[in-house]
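Chemist: Let me begin by handing over the structure; questions about it come next.
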2 protein chains.
Amino acid sequence: MTVKTAPISSNRAAMRVTINDMAEALNLTKSTVSRALNGYADISETTQRRVKRMAEKLNYQPLSHAQAIKTGRTRSLGLVLQLSDHDAQRPFLAEFLAGVSRGASAEGYTLTVASADNHDHLIETFQNLLRDGKADGFILPRAMVDDPRVTLLRDGNVPFVLFGRQDADEGCCWHDVRGEDAMRDAVLHLNRLGHKRIGFINGGLIYSYAKLRRAGFEQGMAEAGLPVDRGIFVEDAVTVKEGAAAGALLLDHPNRPTAIICAVDHAALGVYQSAAARGLKVGSDLSVIAYDGIQEGLHAQPPLSTFAVDTQHSGNRLATLLVRRIRGEPVELLRETVPAIFLDRGSTGPVPKTAN
Amino acid sequence: MTVKTAPISSNRAAMRVTINDMAEALNLTKSTVSRALNGYADISETTQRRVKRMAEKLNYQPLSHAQAIKTGRTRSLGLVLQLSDHDAQRPFLAEFLAGVSRGASAEGYTLTVASADNHDHLIETFQNLLRDGKADGFILPRAMVDDPRVTLLRDGNVPFVLFGRQDADEGCCWHDVRGEDAMRDAVLHLNRLGHKRIGFINGGLIYSYAKLRRAGFEQGMAEAGLPVDRGIFVEDAVTVKEGAAAGALLLDHPNRPTAIICAVDHAALGVYQSAAARGLKVGSDLSVIAYDGIQEGLHAQPPLSTFAVDTQHSGNRLATLLVRRIRGEPVELLRETVPAIFLDRGSTGPVPKTAN
DNA sequence: TTGATTTCCGAAACCGGTTTCGGCAAGTGA
DNA sequence: TCACTTGCCGAAACCGGTTTCGGAAATCAA
């Protein structure tokens with residue numbers, strides 16, 4: 001029994017150009033116009049050009065939701081965010097969205113964003129968006145090991161692209177930053193500075209990057225001819241607190257490391273704390289290299305040397321890849337990785353003379 | 001000359017229930033079903049209930065883009081993000097989006113996100129989304145003085161809701177946090193601690209909040225019976241750097257303040273720096289209260305006392321208000337403010353005995 | 001009882017596109 | 001010259017909804 005109030009913005013679309021206007025202006029039928037614009041072979045080259053020029057002139061673009069009624073596709077990309085606390089990605093969300101949005105709009109697509117808290121709600125969110133045709137495909141940030149989203153979408157035959165890689169790569173395409181190379185380079189960088197005792201603090205094991213970064217670290221150690229000591233090797237530290245705990249463990253080791261590599265910046269900030277608590281100066285007594293490129297790292301003392309990710313660029317690439325996937329390109333052609341960018345900001349130094 | 005590859009996910013919507021299925025199941029025509037669901041008066045109560053129950057049972061929901069073709073509305077809210085650097089909102093973007101998304105989906109709406117860099121692109125982005133019918137209305141984060149977005153949308157008769165207030169309030173509805181009350185409370189809180197020399201560092205003047213927070217500060221001073229000294233009063237500091245500069249100015253004043261109120265947290269962190277540079281201990285030598293509730297403030301030494309905003313809740317409210325606006329409710333009923341939440345974390349203290 | 005209203009639903013047009021189908025005209029081969 | 005393609009476009013159906021209009025049945029007034 002609510003009062004019916006008239007929705008506002010009645011004449012807002014102010015007579016946009018429809019396909020009928022186009023047909024009239026060109027003295028063709030709308031079916032011909034439609035097929036010309038979609039590049040059908042049974043429309044002559046001449047007519048196609050003529051139609052496309054007119055579309056340009058009249059600034060005509062088909063309404064995506066009008067097309068969708070027949071094609072089922074709305075020209076929009078879906079992105080489902082998950083609110084997890086310890087998310088190094090979060091400060092970069094704005095850049096990421098900007099990149100995705102730009103990549104999408106370059107292809108005539110838009111971006112639909114939803115968020116989910118728990119797991120059930122996550123699946124439900126995808127399904128709702130799909131049922132309502134609000135997304136033609138999805139960008140999956142933060143690829144996880146055995147990612148439930150992948151299972152869902154793959155089974156549903158829905159296009160998707162991962163930010164991160166996937167072991168079971170069937171039907172998967174992705175864009176990722178080569179964290180393994182970063183970890184390897186970090187080892188070699190430290191080794192050039194004379195370090196031989198290098199500890200490692202890995203990130204969240206539920207994410208697929210952890211395995212890669214661990215392997216990168218191990219490869220770097222192998223290349224440097226250094227043994228990996230599991231006594232100064234910790235997994236699954238993603239918060240400052242966990243990083244501090246891991247750092248304490250490493251620094252209290254009887255033969256403590258002169259350098260520590262962290263798979264995520266937050267953990268490194270924790271290492272800063274435990275180093276300070278033990279009277280160790282980061283940058284001289286202890287070298288630290290991490291990964292992510294968060295802002296806090298820049299403001300830390302000393303500024304944290306880390307591998308940064310061009311999140312905006314990654315967002316852009318992900319959108320582009322997804323659109324190509326939606327258009328039917330095979331996944332094998334839609335897998336790419338880019339290097340991280342080393343920011344040598346000052347948390348490393350030559351191995352201390354008085355080491356141990 | 002691109003190879004035509006077949007788009008994937010052909011049968012993905014796996015036979016969703018359409019209005020025709022409904023009509024058949026109910027032995028009614030689809031026009032009746034449609035009108036029943038939309039609550040038309042010329043459909044009997046009995047039939048309406050019957051139809052709605054069936055919709056429930058079959059899990060039927062009309063395709064928004066199928067409705068849109070006739071109604072022009074796609075049941076989606078638009079949000080255009082601007083990439084401006086010094087944006088305290090950014091760390092909260094995830095929460096904000098979560099709130100908006102939740103509020104929207106509760107009303108059967110989804111969220112379309114786009115981003116813009118410069119001003120021209122901003123307007124263009126709105127217009128593209130409108131022309132394509134990708135958004136029925138917009139949430140405008142960070143209300144500005146003489147906001148160009150407001151002008152555009154108001155003239156275009158497009159529904160919108162502001163996060164923040166607007167002086168020229170015609171056609172505007174909003175949700176906002178009462179920063180002015182926060183500033184006032186900050187003054188009174190400090191005054192209760194004995195402070196009489198209280199400096200003020202305002203935030204970005206292009207935003208509409210600046211005027212309000214200034215007024216709140218002045219009102220607090222008036223209520224406390226304190227004069228406002230323009231010598232310890234700075235405008236337009238939004239970054240750590242600008243905050244440090246402003247702090248320096250205030251602290252170098254011959255009769256320096258014993259407390260400083262900042263309109264934004266980042267500025268307060270700058271004040272921390274200039275206080276440290278002068279050998280002043282925040283929390284004892286100098287009290288500081290700010291506004292925003294950013295995470296860095298918690299990790300600062302001492303933790304920054306500040307007024308926090310429940311960004312997720314605000315996002316939720318904004319979505320709800322916008323939907324109501326789209327449905328035609330008058331703007332006057334769609335204006336609300338909520339209080340900020342004071343987090344007394346430790347950057348204030350009694351006025352120092354040896355003051356000056 | 002009859003004429004005038006209401007009440008309530010069906011029929012059909014419509015929205016802006018896409019896609020199938022059919023057919024005319026020009027070209028091709030014998 | 002005639003049958004057969006081929007190239008190219010129009011006609012019309014269709015997608016899944018909304019909305020206008022008209023009319024049958026039930027109710028009401030007289």
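Every number here is computed from the coordinates shown, using simple stated rules; none is lab data. All figures in this text were calculated on a predicted structure; none of them were measured in a lab. Neighbour counts run over all protein chains shown; Cβ positions are idealised from the backbone, glycine included.
Chemist: Could you calculate the FRET efficiency of B:ARG50 with B:LYS70 from 1/(1 + (r/R0)^6), where r is the beta carbon distance between them and R0 is 35 Å, rounded to 0.05?
Modeler: 0.90
Chemist: Between B:ARG16 and the same site in the other copies, what are the distances in nm, shortest first, taking label points 7 Å from Cα along the C-beta direction?
Modeler: From this label point to the equivalent ones elsewhere in the assembly: 2.0 nm.
Chemist: Take peptide B:131-137, look around each residue's Cβ out to 10 angstrom, count Cβ atoms belonging to other protein chains, and average those counts.
Modeler: Mean shielding by partner chains, rounded to a whole number: 6.
Chemist: For the protein assembly as shown, what is the percent of antiparallel DSSP beta bridges, rounded to the nearest 5?
Modeler: The antiparallel fraction comes to roughly 15 percent.
Chemist: A:LEU205's amide H: which non-local residues (gap 5+, or another chain) put their own amide H closer than 5 Å, with H modeled 1.01 Å from N in plane and none for Pro or chain starts?
Modeler: Excluding prolines and chain starts, which carry no amide H, the hits are A:ASP236.
Chemist: What full-extension length gain, to one decimal in nm, is calculated for A:THR151 and A:ILE123 as 0.36 nm per residue of separation minus the Cα-Cα distance?
Modeler: Result for the pair: 9.0 nm of gain on full extension.
Chemist: Please report the residue of chain B with the smallest beta-carbon distance to the B-to-A rotation axis, and give that distance in Å, no decimals.
Modeler: Spelled out as residue then distance in Å, it is B:HIS65, 2.
Chemist: For chain A, find the longest principal axis of its Cα atoms and tell me its angle to the long axis of helix A:93-106, 0 to 90°, nearest 10.
Modeler: Taking Cα atoms only, the helix is inclined about 30 degrees.
Chemist: Moving on to the next point. So for each of B:298-311, A:256-269 I average, over its residues, the number of other beta carbons within 10 Å; can you give me the resulting order with the highest mean first?
Modeler: Peptide ranking by packing, descending: A:256-269, B:298-311.
Chemist: Among A:ILE206, B:GLY164, B:GLN61, whose Cα sits farthest toward the positive end of the charge dipole of the protein assembly as shown (+1 at Cβ of Lys/Arg, -1 at Cβ of Asp/Glu, about the Cα centre)?
Modeler: B:GLN61
Chemist: Something else about it: What pairs from A:LYS196/B:LYS241; A:LYS281/B:LYS241; B:LYS211/B:LYS241; A:LYS134/A:LYS241 go past 31 Å between their alpha carbons?
Modeler: A:LYS196/B:LYS241; A:LYS134/A:LYS241
Chemist: Right, another one. If you take the square roots of the eigenvalues of the alpha-carbon gyration tensor of the stretch B:179-309 and sort them as a ≥ b ≥ c, do you get rounded (a/c under 1.5), prolate (a/b over b/c) or oblate?
Modeler: The shape class here is rounded.
Chemist: Here is a follow-up. So if I place +1 on the C-beta of Lys and Arg and -1 on the C-beta of Asp and Glu, and nothing else carries charge, what would the dipole magnitude of the stretch B:179-309 be about its Cα centre? I want it in debye, nearest 20.
Modeler: Charge dipole, the stretch B:179-309, about its Cα centre: 320 debye, nearest 20.
Chemist: In what sequence, highest mean first, do B:154-165, A:96-107, B:33-44 appear when ranked by Cβ atoms within 10 angstrom?
Modeler: Peptide ranking by packing, descending: A:96-107, B:154-165, B:33-44.
Chemist: Once you charge only the Cβ atoms, +1 for Lys and Arg and -1 for Asp and Glu, what is the size of the charge dipole of chain A about its Cα centre, to the nearest 20 debye?
Modeler: The dipole of chain A has a size of about 1100 debye.
Chemist: For A:LYS281, enumerate residues with amide H under 5 Å from its amide H, sequence gap 5+ or separate chain, H modeled in the peptide plane.
Modeler: Those lying under 5 Å, H to H, from A:LYS281 are A:LEU286.
Chemist: What whole-number distance in Å separates the alpha-carbon centres of the stretch A:121-194 and the stretch B:254-328?
Modeler: That distance is 36 Å.
Chemist: Let me ask something else. Which aspartates and glutamates, on any chain, are close to A:LYS353 with Cα under 17 Å apart, when same-chain ones fewer than 8 places away are left out?
Modeler: Filter leaves A:ASP285.
Chemist: Let me ask something else about it. Take every DSSP beta bridge whose two residues both sit in the stretch B:212-338, then give the antiparallel share in percent to the nearest 5.
Modeler: The answer is about 0 percent antiparallel.
Chemist: Any idea what % of Cα-Cα pairs in the stretch A:313-356 are farther than 12 Å?
Modeler: Above the 12 Å cut-off, the stretch A:313-356 has 73 percent of its Cα pairs.
Chemist: Looking at the square roots a ≥ b ≥ c of the eigenvalues of the Cα gyration tensor of the stretch A:262-336, which shape do they give, rounded for a/c under 1.5, prolate if a/b is larger than b/c, or oblate?
Modeler: prolate
Chemist: Within the set of other residues whose C-beta is less than 11 Å from the C-beta of A:ASP167, count the net charge using Lys and Arg as +1 and Asp and Glu as -1.
Modeler: -2
Chemist: On alpha carbon coordinates alone, what is the Rg over Rh value for chain A, Rh being the Kirkwood radius?
Modeler: Checking Rg against Rh, the ratio lands at 1.12.
Chemist: Given a cut-off of under 8 Å on Cα pairs at least six residues apart, what relative contact order in percent is computed for the stretch A:116-162?
Modeler: It rounds to 38 percent for the stretch A:116-162.
Chemist: Just check the protein assembly as shown against the gyration tensor rule for me: Cα atoms, a ≥ b ≥ c as the square roots of the eigenvalues, rounded for a/c under 1.5, and otherwise prolate or oblate depending on whether a/b exceeds b/c.
Modeler: Here the protein assembly as shown falls in the oblate category.
Chemist: How much FRET efficiency would the formula 1/(1 + (r/R0)^6) give for B:LEU83 and B:THR29, where r is the Cβ-Cβ distance and R0 is 56 Å, rounded to 0.05?
Modeler: With a Förster radius of 56 Å, E is 0.65.
Chemist: What ranking do B:129-142, A:223-236, A:240-253 get when scored by the average of other Cβ atoms within 10 Å per residue, highest first?
Modeler: B:129-142, A:240-253, A:223-236
Chemist: On a full-extension model of 0.36 nm per residue, what is the gain between A:HIS299 and A:LEU188, subtracting their alpha-carbon distance, rounded to one decimal in nm?
Modeler: Gain in length upon complete extension: 37.4 nm.
Chemist: Please list, or write none, the lysines whose alpha carbon is within less than 18 Å of the alpha carbon of B:LYS30, excluding same-chain residues fewer than 8 places away.
Modeler: B:LYS52, B:LYS57, B:LYS70
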